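Notes follow once the structure below has been shown.
The values are calculated or read from the model by the stated rules, or taken from the named source; none is laboratory data. Source: prediction; values computed, not measured. Every residue, glycine among them, receives a Cβ derived from its backbone with ideal geometry; neighbour counts consider all protein chains shown. Quick note on the areas: whole protein, heavy atoms, side chains included, nothing else; ligands and nucleic acids left out. Shrake-Rupley method; radii C 1.70, N 1.55, O 1.52, S 1.80 Å.
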Amino acid sequence: MEAHSIPSELRLKPVEPGCSCNGEWSGSGQEIVSTDPGTGKELGRVLAASAEETEQCIRKAGKAFEHWRKLPAPQRGEIVRLIGEELRKYKKPLGKLVSLECGKILSEGEGEVQEMIDIADFAVGLSRTIGGGTMPSERPDHRMFEQWHPLGPIGVITAFNFPVAVWAWNALIAATCGDTVIWKPSEKTPLSALAVQGICNRVLEAEGFPGVFNLCVGGSETGEQIAGDENLPLISATGSCRMGREVGKTVAARMGRSLLELGGNNAIIVLEDADLDLALRAVLFGSLGTAGQRCTSTRRVLAQKGISGELSEKLVGAYGSAVVGDPLDPGTLLGPLIDEEAVNTYLQAVKTACENGGELLYGGNRIEGPGFFVEPALIKASADLEIVQEETFAPILYLIEVENLQEAVSIQNNVRQGLSSAIFTDSLRSAEHFLSALGSDCGIANVNIGTSGAEIGGAFGGEKETGGG
């Protein structure tokens, strides 16, 4: 695969610093290298924010909050609208940078930027609808009403697989509500964060409100510092269950609030009366999208015995035709994993499954050459395998046979995670059972559509170890 470079439209100056406070850039911490996962070559280097710079950034966000909160919500919404317009201008180069840095295919990279634009539009509407209930008072000659007030500066910690969209989901809504934001992006995708911060800085400085959005690039120590800071009343963190447990404990210890969006072990139930072609497309997108590196990726297919064989054959054929390669090539369906550690985790998971009774139907190998490419793996397995109970952030799909809907729901729910779920059936009774209190225990339940993805107009989140808040 040929070498790529950062889109020229996004070469911000300076590109080195890792800390942005009030529109000013600085960074004197450790050097972080951004690597192209498609080639394994260096894209750029970023100087992380030191502990002192992170603390300074939090203090300045607090000062900016005192001014920002006083601005009427519709005016805050107007500034968010302007940010959305700037993102529209840079959709293609920013989408290319996202694809280049985290390895997702170009259509997904541009789609992620579109999510930012969409949430900006949503936030603009929200700015004129923030309300509170008015209710009868039990006391004579009194009236009672509720008012919503901004929390303050909040911390947003994001993961590599959605390096910009998840920040937007949090930050653009928070800003509309009157909060300022400290952003700690993944150290694996700092350049995408720098590009977005630069776009926002230009808008906010022109409008006279620098410091509403602030960036602190760094490793786990930066995240720990942000999570533990008592000046940040809310921490929103996206990542692994392990990371979420640490963040949750740290924030709870200081009586702060946390919003955690963590791992998923998502299943699609396919019943005998399902439209198999429809189910096949959903399983493919769910298991191969972002190379299986989504919290909503499909990890398990629970197929009723009557159609399990046919579905298995269709999946093997589809996996065999999936193009693996350069994420910037329009013909590519599956890009690289994020790094060498992710490849090793994938290989170990496949080995563990096969050594414990799993049957490898397709894939399971690293693709030799530059970059971090692997074959998508399809493994026939039993539901009680320990590795099946875990989330492996890679394109591994476990095919599990079930007798009926009741067994399928029981197996689906019998994991520690509870993010997304789906059923494919033409039976209204089966669909309604799946959606009922006796059905899926996940935060998201879909009928005749896959597990992957979400819509900005609805709630997004999971149960059990997936988090909450």
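Of the GluC sites (Glu not before Pro) found in the range 191-226, none is in coil by DSSP with at most 10 other Cβ atoms within 10 Å of its Cβ. The C-alpha atoms of the range 51-143 occupy a region whose extents along the principal axes are 65, 36, 21 Å, arranged from largest to smallest.
Mean residue ellipticity at 222 nm, helices only, the chain: -12500 deg cm²/dmol; runs of at least 4 DSSP H residues each add -39,500 (n - 2.57), and the sum is divided by the number of residues.
Under 1.5 on a/c is rounded, so check that first for the range 293-379, then, if it is not, pick prolate when a/b is larger than b/c and oblate when it is not; a ≥ b ≥ c are the square roots of the alpha carbon gyration tensor eigenvalues. Oblate shape, in that a/c is at least 1.5 and b/c is the bigger or equal ratio. Against the chain, whose longest principal axis is taken from its Cα atoms, helix 305-321 shows a tilt of about 70°. Using the 1.4 Å probe convention, the accessible area of the range 23-137 works out to 45 Å² per residue with neighbouring protein chains retained.
Taking amide H atoms as placed 1.01 Å from N in the peptide plane, the amide H of THR425 lies under 5 Å from those of ASP275, ASN448, each 5 or more residues away in sequence or on another chain.
Here the range 340-446 is treated as a sphere whose radius is the Kirkwood value from Cα pairs; by Stokes-Einstein at 37 °C and 0.692 mPa s it diffuses with a coefficient of 215 µm²/s. Computed from point charges on the beta carbon alone (+1 for Lys and Arg, -1 for Asp and Glu), the dipole magnitude for the chain about its Cα centre is near 1160 Debye. Note on the range 422-469: the alpha carbon radius of gyration divided by the globular reference 2.2 N^0.38 Å gives 1.20. From the square roots a ≥ b ≥ c of the eigenvalues of the alpha-carbon gyration tensor of the range 22-78, which class results: rounded (a/c under 1.5), prolate (a/b over b/c), or oblate? It comes out oblate by the Cα gyration axes.
Taking the protein heavy atoms of the range 316-469 in the context of the full set of protein chains, the accessible area attributed to carbon and sulfur is 49 percent at 1.4 Å. Looking at the chain alone, DSSP beta bridges between its own residues are antiparallel in about 35 percent of cases.
Close amide-amide hydrogen proximity is noted between TYR362 and LEU378, each under 5 Å apart and 5 or more residues distant or on a separate chain (H modeled in the peptide plane; Pro and chain starts excluded).
Nonpolar atom fraction for the range 83-228, defined as the carbon and sulfur part of the 1.4 Å probe accessible area, stands at 53 percent.
Applying both filters, DSSP loop and at most 14 other Cβ atoms within 10 Å, to the GluC sites (Glu not before Pro) of the range 321-372 gives GLU368.
The Kirkwood hydrodynamic radius of the chain, based on inverse pair distances between different Cα atoms, is 23.1 Å. With a ≥ b ≥ c the root eigenvalues of the C-alpha gyration tensor of the range 386-463, is it rounded (a/c under 1.5), prolate (a/b larger than b/c) or oblate? Oblate shape, in that a/c is at least 1.5 and b/c is the bigger or equal ratio. Pick out, in residue order, every one of the chymotrypsin sites (Phe, Trp or Tyr not before Pro) in the range 70-161 that is DSSP loop and has at most 15 other C-beta atoms within 10 Å; say none if there are none. Listed in order of number, the matching sites are TRP148.
For the range 378-426, the spread of Cα positions along the three principal axes, ordered from largest to smallest, is 31, 23, 19 Å.
Taking amide hydrogens as placed 1.01 Å from N in the peptide plane, the amide H of ILE154 sits under 5 Å from those of THR180, VAL181, ILE182, each at least 5 positions away in sequence or on another chain. Sorting the segments 3-10, 190-197 by their mean number of nearby beta carbons within 10 angstrom, highest to lowest, gives 190-197, 3-10. Annotation: the range 176-284 has a Kirkwood hydrodynamic radius of 16.8 angstrom, from the mean reciprocal C-alpha pair distance. What separates the Cα centres of the range 390-440 and the range 216-295 is a distance of 19 Å. Against the empirical 2.2 N^0.38 Å (N residues), the range 96-242 has a Cα radius of gyration ratio of 1.22.
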